[in-house]
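**Q** Got a structure for you, questions after.
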Amino acid sequence: METMTSSLRDFLEIPYSELEELNLEAKAKRSARTPMDQLAEERLRYLTDQKGIKAVTVCFSDLEGRLHMLDYDKKFLIKSYDNLTFDGSSIRGFTAQSESDLR
């Protein structure tokens, strides 16, 4: 049982040092004004190559500072990255639900 737990833990976590390295690399590319299409291609390739990644969580805060999260299945995200939709009508400070234009 312990082996299964540790293999699951390895699957679910990314070491902080690796995360920091990836974030600093992304920041450097933003500062260098790397074209968005090039960034999208690199990130899609990273997701495709990383077999341990099964989903992607996008986090953001609303205008009042509340944290919100969206989870995407990796295969769905890769297939639909250029056509993802998000309905912010249920988030305070965004358009009201009665005024939502998401179809």
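**Q** Filter the trypsin sites (Lys or Arg not before Pro) in segment 17-57 to those in DSSP coil with at most 13 other Cβ atoms within 10 Å of their Cβ, and list the result.
**A** Answer in residue order: Arg33, Lys51, Lys54.
**Q** Scan segment 21-95 for chymotrypsin sites (Phe, Trp or Tyr not before Pro) in coil per DSSP, keeping those whose Cβ has at most 12 other Cβ atoms within 10 Å, and list them by number.
**A** Here the chymotrypsin sites (Phe, Trp or Tyr not before Pro) that fit, given the DSSP loop and packing criteria, are Phe86.
No value in this document is a laboratory result; all are computed from the given coordinates. Only a predicted model underlies this, so the values are computations on that prediction, with no experimental measurement involved. Backbone-built Cβ (ideal geometry, glycine too); neighbour counts: all protein chains shown.
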